[in-house]
């Protein structure tokens, strides 16, 4: 199953390592905004100062995770909406990995690939048509599975990895107790099965 990226508007976002603020020319992109009453301007590469009209917030959504864009500047005169790589990292605890034709957004702690995007007209872009996240083989809509059932579904994971999946909201359990009652785990770890007493006694060698 693949997760398509969507946002509150149809705008594409262009990751920019040189931008210290998220910027958009489209006010409809922002889910919450207010008029900017300060005197600051947005300074671009040629030295021009572009007036800031509004300040707001928005999110980028996938079916299983949302990404926050805080303090987005609405600048009507800007040509393209810019996604500050540093602010996106700080808001969402992720990092970017750029390649010639594709880039990845990864979780800072687990290094899981959360989103991937492609270059568009020579620029890296987060777009509805190109940006997807990697398939999640363990995702399930079930909301009432026990930890024992998830343990068997996921191939008898150890408790540490299982707890990480719960903390990351990758699986939903109706209880958080990790005392698995699994007969297969000790059998899989044993090198030789123990034999119970049979009651038979030998009286000669090789009997």
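Every read-out reported here was derived from the displayed coordinates using simple, explicitly stated rules and does not represent laboratory data. Small disclaimer: the values here were computed from a predicted structure and weren't measured. Note that we place each Cβ from the backbone using ideal geometry, even for glycine, and neighbour counts take in every protein chain shown.
Here are the numbers for the structure shown:
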| item | result |
| --- | --- |
| Förster radius 22 Å - calculated FRET efficiency between residue 99 and residue 46 (Cβ-Cβ, nearest 0.05) | 0.15 |
| Difference of contour (0.36 nm per residue) and Cα-Cα distance, residue 148 to residue 106 | 12.2 nm |
| Share antiparallel - DSSP beta bridges, region 3-133, percent rounded to 5 | 90 percent |
| Contour minus Cα-Cα distance for residue 26 and residue 68 (0.36 nm per residue) | 13.4 nm |
| Per-peptide average of other Cβ atoms within 10 Å, ordering 33-41, 158-166, 80-88, 12-20 highest first | 80-88, 12-20, 158-166, 33-41 |
| Whether region 3-133 is rounded, prolate or oblate, judged on the alpha carbon gyration tensor where a/c under 1.5 counts as rounded | prolate |
